[in-house]
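Before any comments, here is the structure.
The values are calculated or read from the model by the stated rules, or taken from the named source; none is laboratory data. The structure presented is a predicted model; accordingly, all values stated were derived computationally and were not measured. Positions of Cβ are backbone-derived with ideal geometry, glycine not excepted, and every protein chain shown enters the neighbour counts.
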Amino acid sequence: MNETQQMLDLLTASFPDITSLPPSEGRRLVDARVRAPANIDDVASTDDVLIEADDRSIAVRIYRPHEHDVDAAVTVFAHGGGFLHGSIASHDGFCRLWAKQTRSPVISVDYRLSPENGPLAGRDDMVAVVDWAHSTGLTAHGIVLAGDSSGGNVAASAGVVLRDRGASPVTGQVLIYPFLDPSMSSQSHHTRADGYFVTRALLAHYWRTHLGERFGERADDPTVAPLAVADLTGLPPTIVVTAGLDPLNDEGCEYARRLRVAGTTVLHRHFPDQFHGFLTIAGYGPARSATDILWNDIRALRRIDSKDCK
């Protein structure tokens, strides 16, 4: 049995079935699985900050690497978790590794989750953190918006809002198997519906919790579904990561295609034999190989030219 199948079997056996549970209980069960990372020393320091924005406070953690490229953009990162669970803690080790390997600061955002907050809360929190970072002078060399899974939705949506507002400080995007389409109508949602850890039923549960029982009717709402945004022009160079065993594979591929058609420089990294969530699993061999590629891509993001894109 290869390493990927072993990991899939382990995840399938150990991840709780939360699809029939109240959201609060599902969140409790999944977040209870989070463990402290083993790579604390990957960064020189971290700062936990509360950012005041309108009528709320947004918690962020700033990771500062030991070695800092003076011209590196700051990454503002949104964690995954189906809009329901996940936190700064769940992606702490990954953000430490990101800061170390890209030699740039990372700001991880503890954005508001569903169902307690409206479906635009995470996006608005991401925009507010970008504004704060820009106002404090942390972003002299630009901002990379990034996120995995539902965090990819948050990052992509924030990028569109910032573009539409004008004078966006965002110079790049990294969208890791992003969660983009409430209709769940692409072929991979059916061909990869079961057997690859994250299931179609779980994704439907996330969307329903995020958007309410009528979630299917919002598939063409660009405020919650980046795949429904009609105009993708003027967005910054973007890295899109997709996994072939992921139900979300096809919508990630389609978003990369539409960005490219709109004139955005796109680097699409596709891993055909991997599954949703693989990239952030510490100690998993295929994740180490894929992140080695990703770190190089991020370091070169501001220099990516169309001729380099796949």
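Here's the yes/no breakdown for (1) more than 20 Å from G81 (Cβ to Cβ); (2) basic (K, R); (3) touching a Leu at 6+ places or on another chain (Cβ under 9 Å):
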{"site": "H210", "(1), (2), (3)": "no, no, yes"}
{"site": "P226", "(1), (2), (3)": "no, no, yes"}
{"site": "D231", "(1), (2), (3)": "yes, no, no"}
{"site": "T242", "(1), (2), (3)": "no, no, yes"}
{"site": "G252", "(1), (2), (3)": "no, no, yes"}
{"site": "G263", "(1), (2), (3)": "yes, no, yes"}
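Screening the candidates A121, A156, A128 for the property of being more than 26 Å from E254 (Cβ to Cβ), of a type in the set (A, V, I, L, M, F, W, C) and either touching a Ser or Thr at 6+ places or on another chain (Cβ under 9 Å) or surrounded by fewer than 22 Cβ atoms within 10 Å (Cβ to Cβ) (or both) yields one hit, A128.
Yes/no per residue for (1) surrounded by fewer than 21 Cβ atoms within 10 Å (Cβ to Cβ); (2) part of a loop (DSSP other than H, G, I, E, B); (3) touching a residue at least 24 places away in the same chain (Cβ under 8 Å); (4) in contact with a Phe, Trp or Tyr (Cβ under 6 Å, 6 or more places away or on another chain):
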| position | (1), (2), (3), (4) |
| --- | --- |
| E217 | yes, no, no, no |
| P222 | yes, yes, yes, no |
| T233 | yes, yes, yes, no |
| E251 | no, no, yes, no |
| A256 | no, no, no, no |
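The set of residues in the stretch 103-130 being touching a residue at least 24 places away in the same chain (Cβ under 8 Å) and in contact with a Leu (Cβ under 9 Å, 6 or more places away or on another chain) consists of P105, I107, L113, S114, P115, P119, G122, M126, V127, V130. Being surrounded by fewer than 19 Cβ atoms within 10 Å (Cβ to Cβ), at pLDDT 95 or above and either assigned to a helix (DSSP H, G or I) or more than 16 Å from the chain's Cα centre (by Cα) (or both) is the requirement here; does D273 meet it? Taking the combined requirement at face value, the residue satisfies it.
Restricting the search to the stretch 54-89, which residues are assigned to a strand (DSSP E or B), surrounded by 15 or more Cβ atoms within 10 Å (Cβ to Cβ) and either of a type outside the set (G, A, S) or modelled with pLDDT under 95 (or both)? Matches in the stretch 54-89: I58, V60, R61, I62, Y63, P65, V74, T75, V76, F77.
Taken together, the criteria place V240 among residues that are touching a Lys or Arg at 6+ places or on another chain (Cβ under 8 Å), closer than 26 Å to H141 by Cβ and not in a helix (DSSP H, G or I). Within the stretch 173-185, the set of residues being on the phi < 0 side of the Ramachandran plot and crowded, with 20+ Cβ neighbours inside 10 Å comprises Q173, V174, L175, I176, P178, F179, L180, D181, P182.
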